[in-house]
Amino acid sequence: MKLNQSIRRAVQRGLAVSVLATGLLAGGAANAETVLNVNMHSDLKIVDPIWTTAYMSRNYGYMVYDTLFAINTKGEVKPQMVDTYTISDDGLTYDFTLRDGLKFHDDAAVTSADVIASIQRWGAKDAMGQKMMTFVADMTATGDNSFQFKLNEPTGLILQALGKPSSNVPFIMPARIAATPPGDQITEYIGSGPYIFLEDEWKPGDKAEFAKFEGYVPRDEPGDGLSGGKMVHVDKVVWKVIRDQQTKMNALSKGEIDVIESPAHDLLPLMEEDPNIQLVDLNPFGNQYTFRYNQLHPPFNDPKVRQALLYAFDQEEFLYAAIGDEKYFKLCKAMFICGTPIASEKGFEDKLEGNIAKAKELIAESSYDGRPLILMHPTDLAVLEPLPPVAKDIMEKIGLKVDMIAMDWQTLVGRRNKKELPENGGWNAFITSWNSVDNASPLSTPFLNAACGQALFGWPCDDEIQALRDDFSREPDAAKQLAIVEKLQTRVSEAPTHVHLGQWYQPTAIGKNISGAPVSPVSAFWGYKKDE
């Protein structure tokens with residue numbers, strides 16, 4: 001039997017990748033691999049989780065990389081790669097020591113130099129990372145496995161940022177890889193996480209494969225959300241691309257695949273009746289639909305046009321179109337997620353209710369000149385595909401011309417980074433969904449960053465929004481934080497960065513012979529056990 005090139009290269013670096021690989025090298029019979037076959041919500045095409053916020057790249061990141069801190073099921077930040085840490089009495093010095101035994105997939109030890117380079121790259125790209133770095137005066141290695149942050153003023157942001165659970169996640173990479181400018185994609189895919197990415201087996205549009213990293217040393221405590229011991233009980237995870245929803249369900253029922261990350265909501269009643277399928281809500285935080293404007297070009301460079309959509313859009317229309325069943329969605333005007341300590345409707349009391357007349361007034365007052373705008377329409381994601389047609393219909397009712405262009409999600413992910421004019425390959429708008437944990441704070445909400453060229457695609461530019469985010473980052477008192485949030489939401493209602501279109505919930509479909517899936521706001525694949 002021929003050993004695949006990815007495993008061979010890893011073994012040549014001194015790694016025992018899997019039981020199968022070890023058995024083959026020894027020339028003896030190997031035990032059959034335990035393979036977890038998973039259908040993810042999309043195809044994996046971008047393998048740099050810092051360069052993009054795409055959740056497929058984030059999910060890939062959790063397979064291949066590890067983090068300094070992580071959140072548990074209570075949302076508490078806990079050490080992960082870090083063993084111990086101390087904070088000085090004045091709050092200006094943070095000292096960290098890494099756990100023993102951490103190593104990368106090429107067998108090199110994880111060092112403080114790797115950590116610092118990784119945090120620098122992430123901190124230049126991510127909205128919360130950018131904010132954290134405004135407080136960091138210096139990051140230095142104090143030993144091979146210890147490092148120190150010196151702050152220019154106290155903040156409670158450091159651990160929250162280092163434990164950020166979703167896009168972009170501060171994953172730790174080898175320093176040579178982390179030296180890649182954040183605007184460029186990395187070309188080497190080595191981490192220290194629980195799985196090795198089998199690059200030779202990667203076939204975009206078909207599958208991505210990951211082998212258990214035998215050199216991974218999990219924490220010696222039970223797994224809890226994204227924190228604790230990441231115990232791996234399978235030899236390989238294969239992400240299989242299956243586009244048709246009915247075909248996915250049939251494959252799961254027959255045991256041809258083991259997990260459907262995002263089953264279509266209209267098939268959930270059938271899955272509930274299937275004795276071979278269990279539906280599990282692994283993300284109790286839920287998700288938030290979001291409409292994103294591109295503010296570089298007309299018409300959305302005019303705040304009146306953006307305000308018009310805040311009045312015209314009705315959350316209920318979008319949620320019924322995409323989800324349908326009220327037990328899986330929630331109307332919520334709070335930008336920072338209903339049920340959180342900072343949930344408020346301030347600024348949106350009279351918006352998101354389908355006020356077409358008011359929206360028409362704003363369009364008439366605006367600079368809109370009748371040009372068609374490009375609305376990108378992903379056709380391969382069941383939870384997003386129904387939304388752009390709803391938006392198009394509403395936008396045309398208020399006097400906008402809309403050219404809705406169909407594409408797969410990964411094509412959209414690439415195109416949304418383009419700053420060219422819409423007619424030259426750029427874009428005007430698209431709809432996406434964020435995990436609610438991403439949008440639960442003014443600091444973590446990616447689309448709220450209004451730092452002009454440093455903001456995410458859409459590139460909003462607003463000094464007042466940025467100043468209020470700064471105020472929030474410096475304020476430890478919960479009541480005063482809420483007051484800042486209400487000022488911030490009022491400003492966003494005047495100078496919108498995006499439109500939040502309601503909360504929704506996504507069960508995961510799992511075969512009845514599968515157990516151990518971690519409860520987490522992120523799809524993670526340690527903990528899974530498979531009974532053959």
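Just so you know, all these numbers are worked out from the coordinates, no wet-lab data involved. What you see is a predicted model; the values in this text were computed from it and never measured. Neighbour counts are summed over all protein chains in view; Cβ atoms, including those assigned to glycine, are modelled from backbone coordinates with ideal geometry.
Numbers for the structure displayed
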quantity	calculated
When each of LYS212/LYS512; LYS330/LYS418; LYS254/LYS529; LYS74/LYS327; LYS304/LYS333 is checked by Cα-Cα distance, pairs over 27 Å	LYS330/LYS418
Cα-based shape type of segment 287-504, given that a ≥ b ≥ c are square roots of the gyration tensor eigenvalues and the cut on a/c is 1.5	rounded
Modelled FRET efficiency - R0 51 Å, ALA406 with ASP89, Cβ distances, 0.05 increments	0.30
Order by protection proxy (mean Cβ within 10 Å, highest first), peptides 281-290, 132-141	281-290, 132-141
With Cα atoms, 0 to 90° folded angle of helix 463-474 axis to the chain main axis	50 degrees
Long-range HN-HN contacts of ASP83 with modeled amide H, under 5 Å	THR97, LEU98, ARG99
Over 32 Å between alpha carbons, listed pairs LYS45/LYS351; LYS164/LYS392; LYS125/LYS248; LYS203/LYS230; LYS125/LYS360	LYS45/LYS351; LYS164/LYS392; LYS125/LYS248; LYS125/LYS360
Förster radius 22 Å - calculated FRET efficiency between ASP266 and LYS512, Cβ distance, rounded to 0.05	0.50
Folded to 0 to 90 degrees: helix 55-64 orientation relative to the chain principal axis, Cα	20 degrees
Cα long-axis angle, helix 387-397 against the chain (0 to 90 degrees, to the nearest 10)	10 degrees
